[in-house]
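Structure first, commentary second.
The values are calculated or read from the model by the stated rules, or taken from the named source; none is laboratory data. Computed from a predicted model, the values in this text were never measured in an experiment. With ideal geometry, Cβ positions are generated from the backbone for all residues, glycine too; neighbour counts draw on all protein chains shown.
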Amino acid sequence: MTTPHPEIGREIATTADGIDITRGYTGPLLLPFDSVLRNRGGYDLQIYEQVLSDPEVKTTFGSRQDSVVACEWQVEPGGEKRIDRQAAEYLKEQLHNVGWDNVTRKMLFGVFYGYAPAEILYKVDGSRIGLQAIKVRNRRRFRFGKEGDLRLLTQSQMTEGVPATAPYFWNYCCGADHDDEPYGLGLAHWLYWPVLFKRNGLKFWLIFLEKFGMPTAVGKYEADATDAERRKLLQATRAIQTDSGIIMPKGMELTLLEAGRSGTADYKAMQDYMDATIQKVVLGQTASTQGTPGKLGNDQLQREVRADIIKADADMVCESFTNGPARWLTEWNFPGAAIPRVFRVTEEPADLDAMASRDEKLLRLGYRPRSVYIDQTYGPNYEPVQPPAEPATPPTALDGPQFADARHTVFNLLRRHYPASFADGGRAPPDPSAPLASQLDRRLTPVGSGWVEQVRGLVDEVDSLEALRDRLFELHPDMGLDDYAAAMADALTAATLAGRFDVQGSGT
């Protein structure tokens with residue numbers, strides 16, 4: 001059995017041509033699935049604008065917008081080629097010119113209403129096409145056709161609208177659970193009922209407070225009272241709320257009906273519950289606005305929920321723009337370049353102290369970070385510390401300044417007896433004085449080392465330079481020169497005898 005070859009781009013379950021059985025015939029324009037708009041709004045988003053006028057909705061949703069806009073935005077090249085980097089730099093410049101933060105804030109209202117359209121105005125920028133402005137339009141002016149295409153309603157085209165096609169219009173939708181709903185399903189759908197209950201509860205709460213502050217006046221009339229008498233009594237009861245004094249015919253009774261409820265009312269509890277519901281719908285949690293500390297890690301969990309929402313909103317707007325206007329500009333101005341990616345940095349800065357502690361532990365385990373890791377993690381303003389210089393070879397007994405005179409004497413003696421060894425030019429013959437010098441060094445090393453150890457022990461004992469100076473004067477008599485003098489005398493004698501032997505040998 002052979003596998004059938006697929007037809008490229010074939011779409012079967014389309015919403016066009018009236019084959020969507022969930023919609024039925026709706027005319028040339030699609031109607032939203034939103035049940036609130038269908039049953040209470042007449043498919044008009046104006047009722048959701050009234051929802052946005054609620055102070056709690058405005059505050060929480062504004063906080064959600066501010067959190068997204070506060071994140072720094074960046075443009076990343078789509079590839080490694082030079083033309084890819086040029087396309088990214090140009091797009092970044094254009095976004096700066098049009099005010100990308102302001103555009104993002106307005107386009108985020110698509111999260112609230114379900115969709116957001118924007119019109120793009122272009123300009124000639126040298127040899128390229130640039131962005132003059134991005135104007136976010138009122139979504140109530142737009143509908144979607146049966147093909148899911150955006151259409152602008154005008155005075156002359158109110159039933160079908162005129163096409164609002166790319167690349168002059170950019171739009172996105174969100175919130176719906178399938179792709180057959182171009183209108184999306186915004187937060188306003190879930191906020192409508194909490195706001196409605198809250199407002200009705202507030203109305204009854206005000207009536208309740210009025211009953212306590214101004215009881216209801218009750219007038220009683222006789223059974224045989226005429227209509228005129230009843231009207232006068234009713235007018236008298238209504239005048240109590242505004243006038244300080246009233247008049248009434250004799251025989252009529254007027255009392256005040258006060259609220260008989262005891263304790264506190266539940267209107268505030270209901271309003272607090274509706275506010276909490278609004279906060280959960282918009283922010284995913286309540287701690288950000290109520291300031292209630294969490295328990296058992298709830299604070300961290302709520303921060304993670306809020307961070308996830310911020311990242312989702314930022315990614316949705318940036319991804320839509322990347323697939324739309326960013327792609328159009330790149331294809332026009334930089335043919336063949338990879339499409340740059342617009343995104344916002346929503347991750348919190350890394351804890352450098354914790355990372356430094358981790359790197360230090362890895363170093364103790366034998367793993368050293370590379371320089372590229374240091375640059376990416378801590379920044380480029382660091383350079384490695386030069387390792388300490390290798391310690392110098394300890395001087396021998398003949399290297400110190402205290403032996404300068406002795407070295408000079410031995411050197412002159414050897415030079416007088418071996419003038420050929422110190423002659424200029426040519427290759428110097430073997431130096432017969434080298435064995436004598438080595439033997440002298442071995443004889444004097446214990447003497448000099450003893451002096452060094454005495455001074456070293458003295459340095460470890462004192463705590464100041466003045467004390468070291470005084471102690472050195474005290475130590476000086478104990479640092480005898482007998483062994484040193486004996487070794488030097490032997491060396492001079494050996495050098496003299498060696499010189500005489502060589503002279504006598506050369507004369508025979």
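Of the residues making up segment 28-64, not one is in a strand (DSSP E or B) and either in contact with a Leu (Cβ under 6 Å, 6 or more places away or on another chain) or among the small types (Gly, Ala, Ser) (or both).
Residue count for segment 101-144 satisfying the condition of being over 29 Å from the mean Cα position of the chain (by Cα) and of a type in the set (Phe, Trp, Tyr): 3. Filter segment 7-40 for residues that are under 42 Å from the mean Cα position of the chain (by Cα), surrounded by fewer than 17 Cβ atoms within 10 Å (Cβ to Cβ) and under 30 Å from LYS198 (Cβ atoms) and give the result. Hits for segment 7-40 are LEU31, SER35, ARG38, ARG40.
Might you check whether a residue that is small (Gly, Ala, Ser), touching a Ser or Thr at 6+ places or on another chain (Cβ under 9 Å), part of a loop (DSSP other than H, G, I, E, B) and under 29 Å from GLU319 (Cβ atoms) occurs anywhere in segment 2-10? Within segment 2-10, not a single residue is small (Gly, Ala, Ser), touching a Ser or Thr at 6+ places or on another chain (Cβ under 9 Å), part of a loop (DSSP other than H, G, I, E, B) and under 29 Å from GLU319 (Cβ atoms). Return yes when THR22 is of a type in the set (Ser, Thr, Tyr), modelled with pLDDT under 85 and either in the same structural domain as ASN138 (by TED's automatic domain parsing) or touching a His at 6+ places or on another chain (Cβ under 6 Å) (or both) and no when it is not. So THR22 fits the description; yes. Checked against the criterion of being at pLDDT 90 or above and either closer than 24 Å to PHE112 by Cβ or in contact with a strand residue (DSSP E or B) (Cβ under 9 Å, 6 or more places away or on another chain) (or both), the candidates TYR192, TYR221 yield just one match: TYR192.
Note on segment 140-187: no enclosed strands (runs of 3 or more DSSP E) hold 1 or more residues that are at pLDDT below 95 and not assigned by TED's automatic domain parsing to the domain that holds ARG23. Quickly run through segment 51-73 and pick out the residues that are more than 15 Å from LYS106 (Cα to Cα) and under 15 Å from the mean Cα position of the chain (by Cα). Listed by number, the residues that qualify are CYS71, GLU72, TRP73.
Of all residues being among the aromatic types (Phe, Trp, Tyr) and surrounded by 10 or more Cβ atoms within 10 Å (Cβ to Cβ) in segment 356-389, which is modelled with the lowest pLDDT? Just the residue, please.
Across segment 356-389, the extreme among qualifying residues is TYR378.
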